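A short write-up of the structure that comes next.
None of the figures in this text is laboratory data; all of them are computed from the coordinates on show. What you are looking at is a predicted structure, and each value in this text was computed from that prediction instead of being measured. Here the Cβ is made from the backbone with ideal geometry for all residues, glycine too, and neighbour counts use every protein chain on show.
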Amino acid sequence: MDRITDQEILEKIEERDEKTICYLRKEYLPMVKYMVQNYKYSDGKRTISAEQTDVADLLHDTLYILIKKTLNGNFTLTSKLSTYFYAICKNLLKAKLNKRLLEMKYKYYNKDNIYSTEKTDGLYDENLKRNVFDYYFQKLNKGCKNILNMYWLEYSVAEISAKLGNTKNYIMKRKYECKNRLIDLIKKNPDNI
C-alpha cells in the first residue's frame, strides 16, 4: 500500500478495509517494539520494564481502540495519526506495567504475611483470619476464584469479561454471587473467626 494520508486511513477503517489494518500493523510495529524496549515504569519503590512478548498484545490492543473509536462515527483526529497511536499505546503499556507491579506487590504481600514467624497476638490473629479466608477461598469453584482474583488485582469488568470470554453483565453477576458465596462460607465457619 502506498503512502496515504491519515484521513484516508480513517476512511478506509470506516469501510472496514483489511489491507489498511495490515498496513497499520506493518507501519507501527517498529514504533511499538521501540517503546517496549525503552519504556520503564516506576511506582517510586520499584521499576519494571516491558517484555518483548508484550509487543503483539500492545499493537493489537492499540489497533482495536483506534478501530473502535473510528467506527464510532463521531471521532475527530486532532493530531497526526502516528502521535495518536503512540499515545494510546503508551497509556496501555503504562497500565499493563502498573498491573504487573500490583501483582508483584500482591504476591510479595501474601508471601510475607502467610509465612511470617512473629509471635505477636495481632499478627497471629491476622494470619489465622488469612488462613481461614484462604481455606474457604479454595472451596470455591475455579470460575469464582478466577473472577475474584482478577477483581482483587484491579482488572476492570471489561478486561475480566474479555479474558474469560463472557459478557460484562455475566461477570458482574458472577462476581456478586462468588463474593457472597465466599462470605457465607466464612460466616458458617465453626470457629466463628
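The figures follow:
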read-out: Where labels lie 7 Å past Cα in the beta-carbon direction, separation of Thr76 and Arg46 in nm; value: 4.3 nm
read-out: Pairs beyond 18 Å (Cα-Cα), from Lys45/Lys90; Lys33/Lys163; Lys142/Lys175; Lys105/Lys129; value: Lys45/Lys90; Lys33/Lys163; Lys105/Lys129
read-out: Under 15 Å, Cβ to Cβ, from Ser82 - net charge with Lys/Arg +1 and Asp/Glu -1; value: +3
read-out: Which of Leu71, Leu58 has the fewest Cβ neighbours within 10 Å, and the rest in rising order; value: Leu71, Leu58
read-out: Centroid-to-centroid separation of the range 48-81 and the range 165-181 [C-alpha atoms, Å]; value: 28 Å
read-out: Least to most buried among Glu159, Glu154 (fewest other Cβ within 10 Å first); value: Glu154, Glu159
